[in-house]
1. What translational D, rounded to a whole number of µm²/s, comes out for the stretch B:1-71 from Stokes-Einstein when the hydrodynamic radius is the Kirkwood one over Cα pairs, at 4 °C and 1.567 mPa s?
2. By the scheme Lys and Arg +1, Asp and Glu -1, what is the net charge of all other residues having a beta-carbon under 11 Å from that of A:K49?
3. Out of the chymotrypsin sites (Phe, Trp or Tyr not before Pro) in the stretch B:72-127, which ones are loop residues according to DSSP with at most 11 other C-beta atoms within 10 Å?
4. Students often forget the sequence filter, so: which aspartates and glutamates lie under 15 Å Cα-Cα from B:K174 once same-chain residues fewer than 8 apart are removed?
5. Looking only at other chains, what is the average number of their beta-carbon atoms within 10 angstrom of each beta-carbon in A:108-115?
6. Quick one: angle between helix A:236-252 and the longest Cα principal axis of chain A, in degrees between 0 and 90, rounded to 10, please.
7. Between the stretch B:239-260 and the stretch A:59-87, what's the alpha-carbon centroid distance in Å?
8. Looking only at other chains, what is the average number of their beta-carbon atoms within 10 angstrom of each beta-carbon in A:78-86?
Amino acid sequence: MDNEIIKVCGVWKSFGTHEVLRGVDLSVPEGRITTIIGKSGTGKSVLLKNIIGILKPDRGEIFFEGRDLTKMKNQELLELRRSMGYLFQDAALFDFMSVEENICFPLVEQLGLRDGGELRRRVARLLELVELPGIEKKYPSELSGGMRKRVGLARAIAVEPRIVLFDEPTTGLDPILAESIDQLIIRVNRELGMTCIVISHDIASIFSFTDRLALLYDGVIEFDGTPEEAKRSDHEILRQFISNSFRQIDSER
Amino acid sequence: MGFFEKIGLYLIKLFNNVKDFAVFLWECCRWMFIPPYRFGQIADHTERIGLQSIMIVAISTFTTGMILALQLVNIMRIFRAEIYAGAAVAMAMSRELAPVITAFVLVAKNGSSMTAEIGSMKVTEQIDAMETMAVSPLRYLVVPRIFASIFTFPALTAIANVVGVYGGYFISTKIMQVNAEAYLHMMYFLVDPDDIWTGLVKAVVFGFLVTVICCYHGLRTSGGAKGLGRRTTAAVVQSTITVLIADYFLTYFFINFCGM
């Protein structure tokens with residue numbers, strides 16, 4: 001049995017009168033890829049933001065290695081975030097900084113690195129990893145959507161966090177770019193040993209690499225298991241999700 | 001929804017907003033005293049708020065000095081007291097007009113851009129990204145802007161004093177034919193260094209308040225481009241009103257408690 005690195009217990013989150021999360025329970029095994037699927041607007045990103053602590057749940061607990069992060073003080077939470085990287089849906093690169101400055105940001109702010117040569121070496125290595133060498137001096141506005149996401153990934157893993165959270169990493173990308181992002185997620189997990197939590201609509205492709213699959217529906221986790229268990233499951237909504245995704249792939253062919 | 005329910009909801013919302021702003025203000029003050037300070041960023045914002053605003057502040061206060069002199073010389077001529085116009089212009093400029101006009105110009109030029117810049121970062125999740133990297137947006141984005149404003153508002157006010165007084169001198173002596181020597185003599189005789197200090201202290205307070213208000217609205221932006229526009233307008237309106245209200249209380253304080 002894998003160690004649980006994250007455990008979400010009965011998390012509720014509302015915005016005004018709109019209840020987005022209504023008692024979410026989820027376990028994330030260490031060193032694995034866990035994918036959360038669900039309809040748009042069901043609160044998948046909200047769940048991720050609760051896990052990293054930039055949103056606070058109204059009720060419930062979120063444990064990181066047994067420590068409840070909902071009860072942590074600000075300083076403890078800042079320390080904890082050093083163990084996590086986050087790739088935003090639109091990459092959220094700082095538009096007033098170059099690619100190099102964006103990737104240096106967590107290295108300087110979180111690790112306190114100041115040596116210019118060391119920073120340049122690390123940036124070059126990270127850009128090699130995401131297959132975008134030599135774009136250090138470009139600005140986010142000069143990059144395509146796929147390039148921005150890869151730079152965002154380089155920034156997210158710059159401080160070598162233990163967990164990387166991916167918020168719809170392939171949304172809006174063409175199938176070839178989406179495939180390359182999937183390959184990067186696999187590399188981050190298999191080669192760098194980081195735990196990955198991925199939010200995705202691209203069910204057909206995530207089946208090939210995810211270790212666990214969770215379905216968020218109507219504010220609760222309706223299914224949590226391996227891809228094989230998901231395929232065998234008779235859960236009606238999950239079956240609809242899976243069959244619709246594969247039907248879409250077939251029709252595209 | 002009934003009438004009283006609407007009033008109740010409005011009051012609850014107002015109370016929550018005031019509480020939210022008070023917490024923000026407290027956090028800003030707290031972070032201002034926690035090193036390390038980002039001198040590079042402070043210098044960058046000082047250049048943007050200060051150096052790039054000198055010309056517009058100078059034009060605004062030069063014309064204000066000219067208009068003031070035009071009016072005062074005309075009125076004082078009735079009493080054959082036009083040589084006092086220089087002192088009146090200098091006192092009005094240094095105590096009130098230079099800090100207030102400088103603040104208004106900077107609200108329009110820099111306050112609005114602070115809200116727009118930070119607000120745009122908020123709606124594109126750049127602020128969230130900063131938080132996920134264990135960096136406080138308040139410390140990284142707001143505090144350097146506050147320090148830059150605290151330095152530049154009084155510096156620009158000092159320039160505004162000189163330029164405004166010269167505008168008054170130019171109109172009074174060259175156009176309205178007031179005796180230049182008598183004009184300057186009365187100005188030196190009647191204007192006190194305290195008149196200048198009170199104006200500069202006001203400028204420091206205005207700089208702090210304007211920056212806090214504009215950054216607060218930026219960080220609370222939601223709802224895309226429309227929300228950003230709404231927040232920018234709110235920031236400019238509230239900053240302008242706050243400058244006037246703060247000016248009244250500071251003037252009251254200086255007159256009644258400091259004898260200035």
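Read-outs: derived from the displayed coordinates by stated rules, not from any lab. Please read all numbers here as calculations on a predicted model, not as lab measurements. Cβ: placed from backbone, ideal geometry, glycine included. Neighbour counts: every protein chain shown.
1. On the way: Rh = 17.1 Å.
Once the numbers are plugged in, D ends up at 76 µm²/s.
2. -1
3. Answer in residue order: B:F79.
4. Of all the aspartates and glutamates, those that pass the test against B:K174 - Cα under 15 Å, at least 8 places apart if same chain - are B:E82.
5. 1
6. 60 degrees
7. One Cα centre to the other: 45 Å.
8. Mean partner-chain Cβ count within 10 Å for A:78-86: 3.
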